[in-house]
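Asks: Let me begin by handing over the structure; questions about it come next.
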Amino acid sequence: MNLPDIWGPGQLLAFSGIDGHTDWAKPFVLHTGARPGGLLVRLPATIAVGFEGMPPLRFQAILGDAITAESPGGAYRAVFLDHHTLAGELPEGTRMTVDGRSAGEDALSVDAGPMKLVAATRGRRWALLLSDASATDVAERLTQALGADLTPVFEQREAFVRRVRIPEGLSPERERLLRKAVSVMKVNTEAPCGVIRRRWTTPDRWPHRHMWLWDSAFHSMGIAYVDMDLAKDAVLAMLEQVREDGFLPHMVPAGAPPSTVTQPPVLAWATLRILRLSGDVEWAAECLPYLHRYLEWMRLNRDKNGNGIPEWHIAGDPLCRSGESGLDNSPRFDRAVLLDAVDFASFLSHDLQCLGEIAAQLGNEALQAECEAHARRITEAVNTLLWSDDEGFYLDRDFEGRQSEVKAVTGFLPLLAGIPNADQADALRRHLRNPRTFGAPCPVPSVSLDSGSYCKDMWRGPTWMNLNYAILCGLLRAGFHEEAA
């Protein structure tokens, strides 16, 4: 089995909601340290966990909840027994430290915010657990952790990654990368908690922690190829946060108030993708009213000038003018004014088309016709107001009718919604090949290379996988298979 086995700092470690109960309100999240075998607790507080005298390690598996390695002094192992207990085994002569203090047979307790981090060793075995400050069962939990049979636990933790179907012809390196991606997916899955009534996903258990709108949609599209039931949960967990008026917050903490802005409408796309793969019309019917309500809210509440093209909310933070767009610090928003947004229009049109197809499969012809009509109006408005013949590109537009000077990756998104005519689509294709604009060695940059604002900061230059995927789908829709490949 070709499991991920490359050590590096910053790899998240936590108990997964796929395997059982997790607790968003009392998180226990670590990541790998700079030295092989070393760990760093990140939540509920930053605390270093070291292993002094560790011999050179040859790793066999590095997953988000289980690590195994061999050494001249014996095995190094670390595995989550439950959401608050990490246990393992050390090579001979290795000593465990927590916050710079040696751990031994007597319990070592370290303050971790409102909680306690407790560690102990026994022979070559070690355990690290999170506990309420007032808990009386710490000694019993340590005894259980230090005496647990770790082998079946490792088998349980690895099972989700091991059962992944590997495409024929995949190289060993790509197989390992695929299994690593699935492990990352697993560690960032939480169990039901608070207002979130089913399993859900987060971009990362630290630092973002919460459930996010478009992240959940993109996660589900990948998860569907590994665990269809989990993919359905990820979508519905987010859709169940839709308010009666249709508003859907972009961020939902399990135990705190949600955000007051939304995010790109891509959940109908995710729902349709899962419906096509699973054929589960009952699940799709459960999603349908949420999707309809939420897209109607978008259409009615984010078009201030009434020209058919929606605008993102603009915030006062100069480092994050439009978190609602998902492109937080894009130079598109540097002027801090409302813009008829090409990405918002494209995503909304595409999601309406997806909702229309879902409605058609469910026999709701009236909703199908309604969605198709709204999508056509957006297409007409985008081609009338946002296309630039001079640039051969789609640009945002302010309320005074001036098109933006910033060519951004978002200008390709009309392809996803089938908005461009043949000539416009060909002009966009030429930009992908143009080394002065978007023909970068690692395409597609988030702004054009000649923009004057191109740099390595977030949405001011770097390439982002989710938009690349949207563009790929758009290229396929336009018949540009060579460029998509």
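The values are calculated or read from the model by the stated rules, or taken from the named source; none is laboratory data. Quantities reported herein were computed from a predicted structural model and do not represent experimental measurements. Here the Cβ is made from the backbone with ideal geometry for all residues, glycine too, and neighbour counts use every protein chain on show.
Asks: With a cut-off of at least 1 residues that are touching a Lys or Arg at 6+ places or on another chain (Cβ under 8 Å) and either assigned by TED's automatic domain parsing to the domain that holds Met115 or at pLDDT below 95 (or both), name the strands (runs of 3 or more DSSP E) lying wholly within the stretch 49-99. Working first, answer last.
Replies: Working: elements: 58-62, 66-70, 76-82, 85-89, 95-98.
Once the strands (runs of 3 or more DSSP E) in the stretch 49-99 are filtered for at least 1 residues that are touching a Lys or Arg at 6+ places or on another chain (Cβ under 8 Å) and either assigned by TED's automatic domain parsing to the domain that holds Met115 or at pLDDT below 95 (or both), what remains is 66-70, 76-82, 85-89.
Asks: Moving on. With (1) buried (at least 24 other Cβ atoms within 10 Å of the Cβ); (2) on the phi > 0 side of the Ramachandran plot as the list, and Gly392 as the residue in question, which single condition is left unmet?
Replies: Just one mismatch for Gly392, condition (1).
Asks: If I filter the stretch 455-474 for residues that are on the phi > 0 side of the Ramachandran plot and surrounded by fewer than 15 Cβ atoms within 10 Å (Cβ to Cβ), do I get at least one hit?
Replies: no
Asks: Looking at the stretch 298-317, is at least one residue touching a Leu at 6+ places or on another chain (Cβ under 7 Å), assigned to a helix (DSSP H, G or I) and either not assigned by TED's automatic domain parsing to the domain that holds Asp233 or not basic (Lys, Arg) (or both)?
Replies: Looking through the stretch 298-317, at least one residue is touching a Leu at 6+ places or on another chain (Cβ under 7 Å), assigned to a helix (DSSP H, G or I) and either not assigned by TED's automatic domain parsing to the domain that holds Asp233 or not basic (Lys, Arg) (or both).
Asks: Being in a loop (DSSP other than H, G, I, E, B), in contact with a helix residue (DSSP H, G or I) (Cβ under 8 Å, 6 or more places away or on another chain) and assigned by TED's automatic domain parsing to the domain that holds Ser346 narrows it down to one of Thr437, Thr379, so name that one. Outline the logic, then answer.
Replies: Numbers: Thr379 fails: in a loop (DSSP other than H, G, I, E, B).
Going through Thr437, Thr379 in turn, just one is in a loop (DSSP other than H, G, I, E, B), in contact with a helix residue (DSSP H, G or I) (Cβ under 8 Å, 6 or more places away or on another chain) and assigned by TED's automatic domain parsing to the domain that holds Ser346: Thr437.
Asks: How about the stretch 434-459: which of its residues are under 12 Å from Thr410 (Cα atoms), in contact (Cβ under 8 Å) with a residue 60 or more places away in the chain and out of contact with any Phe, Trp or Tyr (no Cβ under 6 Å at 6 or more places or on another chain)?
Replies: The first filter runs over the stretch 434-459 and keeps only residues under 12 Å from Thr410 (Cα atoms), leaving 438, 444-448, 459.
Add one more test, that the residue is in contact (Cβ under 8 Å) with a residue 60 or more places away in the chain, and what stays is 446-447, 459.
The answer is Trp459, and nothing else.
Asks: Also, I was wondering about something else. Is there any pair linking a residue in the stretch 346-360 that is free of Cβ contacts under 8 Å to residues at least 12 places away in the same chain to one that is of a type outside the set (S, T, N, Q), with Cβ under 9 Å and at least six apart or on different chains, and which?
Replies: Cβ pairs passing all conditions: Ala360/Leu367.
Asks: Right, something else. Specify which of the listed residues (Ala254, Ala315) is among the hydrophobic types (A, V, I, L, M, F, W, C) and surrounded by fewer than 18 Cβ atoms within 10 Å (Cβ to Cβ). Talk me through it step by step, then tell me what you get.
Replies: Values: Ala254 fails: surrounded by fewer than 18 Cβ atoms within 10 Å (Cβ to Cβ).
Of the residues listed, the single one that is among the hydrophobic types (A, V, I, L, M, F, W, C) and surrounded by fewer than 18 Cβ atoms within 10 Å (Cβ to Cβ) is Ala315.
Asks: Another question, if that's okay. Might you let me know whether the stretch 237-246 holds any residue that is of a type in the set (Lys, Arg) and either farther than 24 Å from Leu40 by Cβ or assigned to a loop (DSSP other than H, G, I, E, B) (or both)?
Replies: Start the filter on the stretch 237-246 by keeping residues that are of a type in the set (Lys, Arg), which leaves 243.
From the residues that got through so far, the ones that are either farther than 24 Å from Leu40 by Cβ or assigned to a loop (DSSP other than H, G, I, E, B) (or both) too are 243.
Yes, because at least one residue in the stretch 237-246 is of a type in the set (Lys, Arg) and either farther than 24 Å from Leu40 by Cβ or assigned to a loop (DSSP other than H, G, I, E, B) (or both).
Asks: Please go through the stretch 386-424 and pick out each residue that is acidic (Asp, Glu), part of a loop (DSSP other than H, G, I, E, B) and touching a residue at least 40 places away in the same chain (Cβ under 8 Å).
Replies: If we filter the stretch 386-424 for residues that are acidic (Asp, Glu), which is where we start, we get 389-391, 396, 398, 400, 405, 423.
With part of a loop (DSSP other than H, G, I, E, B) added as a condition, the list becomes 389-391, 396, 400, 405.
Answer for the stretch 386-424, where residues must be acidic (Asp, Glu), part of a loop (DSSP other than H, G, I, E, B) and touching a residue at least 40 places away in the same chain (Cβ under 8 Å): just Asp396.
Asks: Of the residues in the stretch 2-22, how many are surrounded by fewer than 18 Cβ atoms within 10 Å (Cβ to Cβ) and touching a residue at least 24 places away in the same chain (Cβ under 8 Å)?
Replies: Here is the first cut: in the stretch 2-22, the residues surrounded by fewer than 18 Cβ atoms within 10 Å (Cβ to Cβ) are 2, 5-6, 8-10, 20-21.
With the extra rule that they be touching a residue at least 24 places away in the same chain (Cβ under 8 Å), the set shrinks to 2, 5-6, 8-9, 20-21.
The number of residues fulfilling the criteria is 7.
Asks: Something else now. Check Glu400, Glu324 and return the single one that is more than 20 Å from Val261 (Cβ to Cβ) and either at pLDDT 95 or above or of a type in the set (Gly, Ala, Ser) (or both). Can you show your working first?
Replies: Working: Glu324 fails: more than 20 Å from Val261 (Cβ to Cβ).
Matching residue, one of Glu400, Glu324: Glu400.
Asks: Glu286 fails exactly one of the following numbered conditions: (1) free of Cβ contacts under 8 Å to residues at least 12 places away in the same chain; (2) of a type outside the set (A, V, I, L, M, F, W, C); (3) part of a helix (DSSP H, G or I). What is the number of that condition?
Replies: Among (1) free of Cβ contacts under 8 Å to residues at least 12 places away in the same chain; (2) of a type outside the set (A, V, I, L, M, F, W, C); (3) part of a helix (DSSP H, G or I), Glu286 violates only (1).
Asks: Tell me whether the stretch 34-42 contains one or more residues that are part of a loop (DSSP other than H, G, I, E, B) and either outside the structural domain of Val118 (by TED's automatic domain parsing) or among the β-branched types (Val, Ile, Thr) (or both). So that I can check it myself, show each step before the final result.
Replies: Going through the stretch 34-42, the residues part of a loop (DSSP other than H, G, I, E, B) turn out to be 34-38.
Those still in the list that are either outside the structural domain of Val118 (by TED's automatic domain parsing) or among the β-branched types (Val, Ile, Thr) (or both) too: none.
Checked against the condition, which is being part of a loop (DSSP other than H, G, I, E, B) and either outside the structural domain of Val118 (by TED's automatic domain parsing) or among the β-branched types (Val, Ile, Thr) (or both), the stretch 34-42 yields no hits at all.
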